[in-house]
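The values are calculated or read from the model by the stated rules, or taken from the named source; none is laboratory data. On a predicted model such as this, the values are computed, not experimentally measured, just so you know. Note that we place each Cβ from the backbone using ideal geometry, even for glycine, and neighbour counts take in every protein chain shown.
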Amino acid sequence: MAPGLTRGRTFCVAVSVALLLVVGAAAPHAAKPDLAPRGWAPGQLLPLTPGPAAVTALLWTAYLLGGVGVLFGLRLRPPPLRSWLWPGILAVLALLTSPFGSADHVNYLAYGRILVGGGDPWLESPIGWAGGTDPVTSRVEAPWTTEPSVYGPFGTLLHGLSALVGGSSLRQGVWVWQVLVVVSWLAVRWLLRRVLGPAGHGRVDVLWTLNPVVLGVGVLGAHIDVVAGALVVATAAAVGWRPGWVGALLAGVAAALAGSTKLPYAVVALAVVGAWWVVGHRGVVLARLTAVLTGAFVVVAGALHLWAGPHVLDQVLRSRQAVSLAVPWRAVLEWGRDTVGNGPTRTLISLAAALLAVVLAACLLRLSRPAGAGGRPSSDLLVDLGTDAVGVVALWLTACLGLAYSLAAPYSLPWYDLLVWCALPALAPGMVDVVALVRLVALAVAYVPGRVLGMTPAVEDLTLGVRRGVVPWVGLALWVVVIAAGVRRGSWPPTAPPRAAATRRPRR
């Protein structure tokens, strides 16, 4: 390895993580809501109260340096960490901070509090619960004070668990939720190492464990996407751990829990079926495995949604045509509202985004291959992968489908990309890594500080300018790059040759 790049990576990652921890350990500020009183949970560690401009500078520096550090890691392909010492230290430090980058964790506890109190979090608004006097639900910040839950029933059960343990203290409940997030982050590393084997451990640490952008956006932000991501990787691990109907059953349950935490994460079920097809399960075997997975998925997800009640998808349906500020579609919406009207424009954007997602997915699949698939597409790759590679291929498909969805979606926030990053180590190194990294860093920078409160007019103008005037162009450029490269590249994987089907018997 090049000593200069190694030192550069170490510097970038270390400084980035240190800055993120400072932001999380400081007093409440523009990126971090006030959760006091702390009760028995950790409180403020550093006697610092950074202003909005300082917080914005710290986070921008941390995310840009973190992105450079990951880029150096992709270039160097360093060996994995020798032990769990550093992940353990990072986990402890994360639990000593308070979440920042949004106030979503306050929403989580409010919905859990409503659930524990006997209400319907998919129908009740936080500000309306208990007459607006509840010590937890009354702390929800604009613009979510009147919005019911958009999260799935399993995720809301975990919110309820956090609220139950935390009681009437917001800080205590948030800290319990942080424990669930940090454990999920560690679980992703452990599961990825099992799925990918020793050859992939270094890549897991570069893209997940020591990725400051993932750490800041997901773990230190305490987002539910980290929990859903762990369930996605568990789905892929299940089909590799127990090939046949047992693995299909376990995968169906895990995928149902992932989708019942946050709906887009259910894509891993489709990815598993695609992986069975890629590695050679055809005909009756594929039909039986798909039936078992689908049956388990439907039973578990159906039971959870029946328990949650008729309003569980109301908020998802209401927000299905939302368009966020940092995506290229925003300019289309603002132009269309003045010409053809708001409703028709949003419908047109939704249809165009769906078509674009399909095109981007096809291009990303052509531009990548599963880890261990070798350096060049050939008719022998399916034989080389073998039936034990179902989990790897499932994660490859999940990463490509998730990234296509994120790139094309009219409404997107940086933590939505955790679906991509929990699966990205299963790809062979290549262009898709860089596309995903540019996308994540751009979105992370766009949504600094992350709250609508506590900013000065100057900071608000600056951050909105980046969000609306710079980052959408990055997204548009990524569309062009992916499609242009995908059109030039030959497709992968090839169709399994007859001799491969004849010499390899699928496991049942």
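Mind telling me which of the residues Gly475, Gly490, Gly465, Gly454 ends up being modelled with pLDDT of 95 or more and over 24 Å from Ala353 (Cβ atoms)? I'd like the intermediate steps shown before the answer.
Working: Gly475 fails: over 24 Å from Ala353 (Cβ atoms); Gly490 fails: modelled with pLDDT of 95 or more; Gly454 fails: modelled with pLDDT of 95 or more.
It is Gly465.
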(request) Mind listing whichever residues of segment 403-443 are aliphatic (A, V, I, L, M), in contact with a Ser or Thr (Cβ under 6 Å, 6 or more places away or on another chain) and part of a loop (DSSP other than H, G, I, E, B)? (result) Ala423
(request) Given the conditions (1) modelled with pLDDT under 95; (2) out of contact with any helix residue (DSSP H, G or I) (no Cβ under 9 Å at 6 or more places or on another chain), report the number of the one that Ala57 does not fulfil. (result) (1)
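So that you can scan it fast, the table gives a plain yes or no per residue for (1) within 28 Å of Val150 (Cβ to Cβ); (2) of a type in the set (Gly, Ala, Ser):
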| position | (1), (2) |
| --- | --- |
| Leu196 | no, no |
| Gly202 | no, yes |
| Ala230 | yes, yes |
| Arg242 | no, no |
| Ala248 | no, yes |
| Ala255 | yes, yes |
(message) Test of understanding: among Ala230, Ala187, which residue is under 17 Å from the mean Cα position of the chain (by Cα), crowded, with 24+ Cβ neighbours inside 10 Å and farther than 13 Å from Trp415 by Cβ?
(response) Ala230
(message) Looking at Arg366, Arg346 in this structure, which one is modelled with pLDDT of 90 or more, closer than 27 Å to Trp396 by Cβ, among the basic types (Lys, Arg) and assigned to a helix (DSSP H, G or I)?
(response) Arg366
(message) For a quick check of your reading: which helices (runs of 4 or more DSSP H) sit entirely within segment 127-219 and have at least 2 residues that are within 20 Å of Ala399 (Cβ to Cβ)?
(response) 170-196, 201-204
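When the residues of segment 155-165 are filtered to those that are in contact with a Leu (Cβ under 7 Å, 6 or more places away or on another chain), of a type outside the set (S, T, N, Q) and surrounded by 24 or more Cβ atoms within 10 Å (Cβ to Cβ), which remaining residue is farthest from His311 (Cα to Cα)? Break it down into steps so the answer makes sense when it comes.
Let us first name the residues in segment 155-165 that are in contact with a Leu (Cβ under 7 Å, 6 or more places away or on another chain), namely 156, 158-160, 162-163.
Then drop every residue that is not of a type outside the set (S, T, N, Q), which leaves 158-160, 163.
Now narrow it down to the ones that are surrounded by 24 or more Cβ atoms within 10 Å (Cβ to Cβ): 159, 163.
Numbers: His159: 17, Ala163: 21 Å.
Once the filter is applied, the top-ranked residue is Ala163.
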(request) Give the residues of segment 300-312 that are free of Cβ contacts under 8 Å to residues at least 40 places away in the same chain and surrounded by 13 or more Cβ atoms within 10 Å (Cβ to Cβ), sorted by residue number. (result) Ala303
(request) From the list Ala91, Ala62, Ala110, Ala57, pick out the single residue that is within 24 Å of Leu35 (Cα to Cα) and without any contact (Cβ under 8 Å) to a residue 24 or more places away in the chain. (result) Ala57
(request) Could you check, for segment 376-398, whether at least one of its residues is at pLDDT 95 or above and within 14 Å of the chain's Cα centre (by Cα)? (result) yes
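What do you reckon, is Val239 touching a Pro at 6+ places or on another chain (Cβ under 8 Å), farther than 21 Å from Val181 by Cβ, in contact (Cβ under 8 Å) with a residue 24 or more places away in the chain and of a type in the set (A, V, I, L, M)?
On the way: touching a Pro at 6+ places or on another chain (Cβ under 8 Å): no; farther than 21 Å from Val181 by Cβ: yes; in contact (Cβ under 8 Å) with a residue 24 or more places away in the chain: yes; of a type in the set (A, V, I, L, M): yes.
So Val239 does not fit the description; no.
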(request) Starting from segment 184-212, keep only residues that are closer than 12 Å to Pro87 by Cβ, then list their pairs with residues that are among the polar types (S, T, N, Q) and buried (at least 22 other Cβ atoms within 10 Å of the Cβ) whose Cβ atoms are within a distance under 8 Å, requiring at least 6 positions of separation or different chains. (result) Arg189/Thr209
(request) Being under 16 Å from Gly240 (Cβ atoms) and not in a helix (DSSP H, G or I) is the filter; apply it to segment 261-313 and report the residue that is modelled with the highest pLDDT. (result) Val279
(message) Residue under question is Ala322, and the condition is that it be among the small types (Gly, Ala, Ser), surrounded by fewer than 19 Cβ atoms within 10 Å (Cβ to Cβ) and not in a helix (DSSP H, G or I); does it hold?
(response) yes
(request) Tell me which of these Leu20 doesn't satisfy, since it passes every other one: (1) in contact with a helix residue (DSSP H, G or I) (Cβ under 8 Å, 6 or more places away or on another chain); (2) surrounded by fewer than 16 Cβ atoms within 10 Å (Cβ to Cβ); (3) part of a helix (DSSP H, G or I); (4) modelled with pLDDT of 95 or more. (result) (2)
